[in-house]
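All of the numbers you see were taken from the coordinates with simple rules; none came from a lab. Small disclaimer: the values here were computed from a predicted structure and weren't measured. Every residue, glycine as well, gets a Cβ built from its backbone with ideal geometry; the counts of neighbours run over all protein chains shown.
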Amino acid sequence: MKLTTIEADSWKMDGGVAFGVVPKSMWMKVYPDDGDNLIKITTRCLLVQLPDRNILIDAGMGDKRDMKYYSHRHRFGTSGFNEPLKKAGLSPADITDVLFTHLHDDHVGGATYLDKTGEILETFPNASYWCSEAQWEWSKNSNRREAAAFFSDNLEPLEKSGKLQLISQDGTWLPEIELRMYNGHTRGQIIPFIRYGDSTVVFLADFIPARAFIPIPYVPSVDIEPLLTLKEKEAFLHEAALNGYILLFQHDYFHEACHVEQGEKGIVAVDELKISHLINYS
């Protein structure tokens, strides 16, 4: 097995939205803003290479929206998958599976693109697409506050492709990958637990989007059930500390991964890790 992180997008969001009820005077100590209350975000995807499969976890926001949309997202730097995949010795056609943690635009938009005629095509033409059944149904019948994160031109092409696979429950997806569902951020968000040698790498998606969100009260205001997030996160972090999990952050611009342990005041990060520095396991 080989794990490779791919930063599909770099963008900014309002720090108050990101940290919810936590005052700016507190969150600025762990995650700086740019002077305009905007914080840098990355959409870090994960390439999992197995002997017979090339799996991409999440697909970034893509380029289908108009300039007004991206101006609100404050996107900067480079984006996309062609160059990162090329460095890994692959092309988009080599991806066999795309596993969506959930279907918000910044996680699924890059799975399709507009060609010169305006037709929507699949970025990964040979891939099967996976997401939870709960998230798929939720995306079709969401609440008013969250509905703006789901776009029909992201979801309908996947459904029409005939390659969409829905996952109904927690459990083993592949021998190396266990999937669990968490519901505080959105219904049926999939969190992959990847067995990597003697370690377990947990791709945290929007469950714990950055290292700064390890303290239990640090919950984004966009979570649909923040009290449920608190409960889910507390239980997970104790498990992670007990079992030595490697936490891989999808949206942390400054920190990629770490271990956690029990400190005097709660669970704390104890190191700084890069997935590329870990041993590859065949």
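At-a-glance table
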| item | result |
| --- | --- |
| Net charge over other residues, Cβ less than 13 angstrom from the Cβ of Gln262 (K, R count +1; D, E count -1) | -3 |
| DSSP beta bridges in the chain [antiparallel fraction, %, rounded to 5] | 75 percent |
| Among the listed pairs Lys2/Lys231; Lys64/Lys87; Lys40/Lys233, those beyond 27 Å (Cα-Cα) | Lys2/Lys231 |
| Percentage relative contact order, the chain, counting C-alpha pairs under 8 Å, at least six apart | 18 percent |
| Unit charges at the beta carbon, dipole of region 2-277: most positive-side option, Tyr218, Ser25, Ser276 | Ser25 |
| Region 137-203 and region 204-282: distance between their alpha carbon centers, rounded to Å | 18 Å |
| Under the Debye formula (equal points on every Cα, no solvent term), log10 I(q)/I(0) of region 2-98 at q = 0.11, 0.16, 0.21 Å⁻¹ | -0.43, -0.77, -1.00 |
| Exposed-loop-free span, longest in the chain, where chymotrypsin sites (Phe, Trp or Tyr not before Pro) count as exposed if DSSP calls them loop and at most 15 other C-beta atoms lie within 10 Å | 1-253 |
| DSSP-defined antiparallel bridges as percent of all bridges, region 98-219, nearest 5 | 75 percent |
| Total formal charge among the other residues, if their Cβ is under 15 angstrom from that of Ala127, Lys/Arg +1 and Asp/Glu -1 | -3 |
| Local electrostatic count, Asn37, Cβ distance below 13 Å [Lys/Arg +1, Asp/Glu -1] | -1 |
| Student exercise, the chain dipole from Lys, Arg, Asp, Glu Cβ charges, in Debye to nearest 20 | 340 debye |
| Over the chain: helical MRE at 222 nm, DSSP H runs n ≥ 4 each giving -39500 (n - 2.57), nearest 500 | -5500 deg cm²/dmol |
| Listed residue (Leu38, Trp173, Ser79) projecting farthest to the positive dipole end of the chain, Cβ model | Leu38 |
